[in-house]
1. Checking the cross-link filter: which aspartates and glutamates have an alpha carbon closer than 15 Å to that of residue 321, excluding same-chain neighbours under 8 positions apart?
2. Taking amide H positions as placed 1.01 Å from N in the peptide plane, with prolines and chain starts having none, which residues 5 or more places from residue 236, or on another chain, fall under 5 Å of its amide H?
3. At 222 nm, what value in deg cm²/dmol follows for the chain if DSSP H runs of at least 4 each add -39500 (n - 2.57) and the sum is divided by all its residues, to the nearest 500?
4. May I ask you to compute the full-extension gain from residue 289 to residue 115, defined as 0.36 nm times their residue separation minus their alpha-carbon distance, rounded to one decimal in nm?
5. So, in nm, how far is label residue 373 from label residue 51 when the simple model puts each one 7 Å beyond its Cα toward the Cβ?
6. Name the residues whose placed amide hydrogens come within less than 5 Å of the amide hydrogen of residue 334, ignoring near sequence neighbours (fewer than 5 apart) on the same chain.
7. Which FRET efficiency value, to the nearest 0.05, do you get for residue 88 and residue 11 by plugging their Cβ-Cβ distance into 1/(1 + (r/R0)^6) with R0 = 41 Å?
8. On the first, second and third principal axes, largest extent first, how far apart are the outermost C-alpha atoms of region 260-371 in Å?
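Readers should treat all values here as calculations from the given coordinates under stated rules, not as data from a laboratory. Being a predicted model, the structure only gives us computed values, none of them experimental. Cβ placement follows ideal geometry from the backbone for every residue including glycine, while neighbour counts extend to all protein chains displayed.
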Amino acid sequence: MMNVLVLNVGSATLKFQVVATDADRMRDDRDVRLIRGQIERIGGESVITLRGADGIARTRTAPLRDLRTAVEWLVAFITSPESGTGLTSRSDLHAVGHRVVHGGEQFQRSVAIDRAVLHAIEDTIELAPLHNPHNLRGIEAARAALGATVPQVAVFDTAFHHSMPEYAYLYAIPYPLYRRHKVRRYGFHGTSHRSIAYRWRTLTARPRADVRIITLHLGNGCSACAIAGGESIDTSMGFTPLEGLVMGTRSGDIDAALLDYIAAKEGLTLPQVEALLNNQSGLLGISGLTNDMRDLLAEAQEHDDRRARLAIEIFCYRARKYIGAYLAAMGGADAIVFAGGIGENSPEIRRRICDGLQWAGLHVEPQANAMLVDGREGCFSTTTSTLAAWVVPTDEELLIARDTVRVVSGLEPA
Ligand code: ADP
């Protein structure tokens, strides 16, 4: 049995879990989550939220000036009696699994981190300047806290999408741009889509080879993925996470000619326009109120706010268009599977996305739909539907822990 520390490092936030698992446990879904939580506001008076095996959240604060200090604090806490993990020394942490956003074209699966891998992740900074530097600092911080002998594994958000065919990942722009600068669709949220698809196959006892599903990860970031035979064959995010569905603050698909036009009209630089599309668009941009779907639904219902309604409508319409596209790409599908904060908690949004897919054989069972909130999993289409609709909560951290054990123990990749 291995105790794996899973780290997901963002710009000012560190999400973590400790999972105890091995080959037998992961096969039977008996992995044990010893603790999970997050550290926010690193760099000042940090807020730490912790959930032990009982699932109850406890909050505390500590002055954590940088990521290294935060990881050091975390490792000390996890191995203290106060944590309730039962771990008593640092040597009880056997490996570390890191979420790494961009693996470029090189990383097609999870890998043990050595010097060459570190250099390769550094080489992809150009492709993911907002994310990979944080992930690299996380790797350094874990090494400082646990020593160089504790194995560390990188699990890439892009890796699952490596199975996309050329015709799906290439943009129709001059081909030398791909050769010279690696301009192509990479896709993100791969660990999430893989986790959802794997769990759905387990729940439905379907063999990997003859499954076609469309997974929708709808959180702050949103993406759709067409999965055939267990492999991603297309996905909505592209060269960066900006493309595709409407998201909390990201526009998703737009006409590329708009960048220059908006820059000229608003007196902005191109990087400023890109920031506007990433940070001020999507649900927030249309509504002018919030990027939070829960608040938008409340505004639309309580005050009948026109722009809140419009934001929700555009969000659902875009998602439905992608489902249509992926049904065409795969020649049909067995199921649409929802996940992410919105996908797992909002029967209303699920209903509105599925409405209008009756032609494809999808009929929503309202009562089943209403029940699927707060982490519950299940099917919410009628028994006669030929295209099923499911909710399967994503569990990226568990997949990272399992991949870490697989890589460290030399097991076959899943
Ligand atoms: P992230 O992508 O950052 O991991 P989450 O997956 O937690 O984010 O999703 C956050 C989104 O989920 C927010 O837009 C939030 O409003 C939405 N959400 C959470 N609960 C509900 C709910 N009950 N109804 C509608 N939206 C919800």
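1. Cross-link targets: 234, 243, 253, 313, 355.
2. Amide H neighbours of residue 236, under 5 Å, 5+ apart: 224.
3. Rounded to the nearest 500, it is -11500 deg cm²/dmol.
4. Difference between extended and current length: 58.0 nm.
5. 1.7
6. Placed amide hydrogens put 212, 213 under 5 Å from residue 334.
7. Values: r = 33 Å, r/R0 = 0.80.
Efficiency for this residue pair is about 0.80.
8. For region 260-371, the Cα extents along the three principal axes come out at 49, 38, 21 Å.
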